[in-house]
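Q: Here you go, one structure.
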Amino acid sequence: MEFIELIRNEYLSIVFGGLAGIGTAWLTQRVLNKRGLFGYYVTHNRVGMPSKDSIFGNVSVTWNDNPVDHLFLSTIELKNESLNDYENVVIQTYTSDTRLLTESTHLLDSPNMIEWSENYRSKLHVEPGNSPTDAQQNIYNGQREYLIPVFNRGQVVRINYLNAANSEKIPNLWLSATIKGVKVKFRVPKNQIFGVPQPLAGIVGAVFGLIGIIPLVLYVESSWAIAFVVYFYGLVAQLPGVALIKLYRKARELIGG
């Protein structure tokens, strides 16, 4: 009884209510002021490579009538994973083991492309009647620089490169961004389920299942029924994980405005 009376004490209620309010405000500010984060991943598809075979014959690969040893189509996808919108974002892509040939850019869910930055254009500028210098050729074959006028939260930029690798190995492409307070993080591509990485959905779904099994064990007497529910949940555990992750994302967006 003394414990219940202690809980009902109005002064303690005010104290605990105030602490809860401070904690909520602190958490909200942590989310709102979260450091900017751009995540990106890179995928490569081999387009072709020359070969000589005594049975199948000779195969050659050319690009604009020029022979190419190892031709790849590489894709970079960059996502604004923060809760902030940014303007005039400059991003750079670069490589050391392949030649960048042609490219296409696209701001997903919009008709817009992203263009080279003025700084990059000036480096490649060639006066009429002149030819590009070796330095300009090296810049063009090894790096790009783009300007994103507006990069809203959740938006994705996709860049495709047709490139000629120096060897049979998968080429390397990297990306960086020049903007204060933003961290660029490389992510390993993962299979998706309804827009959520499968490993993450599986982990969240498994944790939710472990929590949910507690009342099941406490209130269900039949061990066969418990085993059936656990077995069935294990088959579809990723779906509750997807739902919870999307609910979290939606709540984060609401908090972030």
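The values are calculated or read from the model by the stated rules, or taken from the named source; none is laboratory data. Everything numeric here is computed off the predicted structure, so don't read it as measured data. Neighbour counts run over all protein chains shown; Cβ positions are idealised from the backbone, glycine included.
Q: Please work out which one of (1) part of a loop (DSSP other than H, G, I, E, B); (2) of a type in the set (S, T, N, Q); (3) out of contact with any helix residue (DSSP H, G or I) (no Cβ under 8 Å at 6 or more places or on another chain) is the condition Asn88 fails and give its number.
A: (1)
Q: Moving on to the next point. Checking Asn163 against (1) out of contact with any Pro (no Cβ under 7 Å at 6 or more places or on another chain); (2) surrounded by 15 or more Cβ atoms within 10 Å (Cβ to Cβ); (3) at pLDDT 85 or above: exactly one of these is not met. Which one?
A: With respect to (1) out of contact with any Pro (no Cβ under 7 Å at 6 or more places or on another chain); (2) surrounded by 15 or more Cβ atoms within 10 Å (Cβ to Cβ); (3) at pLDDT 85 or above, Asn163 is out only on (1).
Q: Sort through Pro189, Pro199 and tell me the only one that's at pLDDT below 85 and under 30 Å from Met49 (Cα atoms).
A: None of the other options fit; the residue is Pro189.
Q: While we're here: Val126 - would you say it is touching a residue at least 12 places away in the same chain (Cβ under 8 Å) and either charged (D, E, K, R) or surrounded by fewer than 18 Cβ atoms within 10 Å (Cβ to Cβ) (or both)?
A: Here the answer is no, as Val126 does not meet what is asked.
Q: Still on this structure: Only one of these is surrounded by fewer than 18 Cβ atoms within 10 Å (Cβ to Cβ) and under 17 Å from the mean Cα position of the chain (by Cα): Asp65, Asp97, Asp109. Name it.
A: None of the others qualify; the one that does is Asp109.
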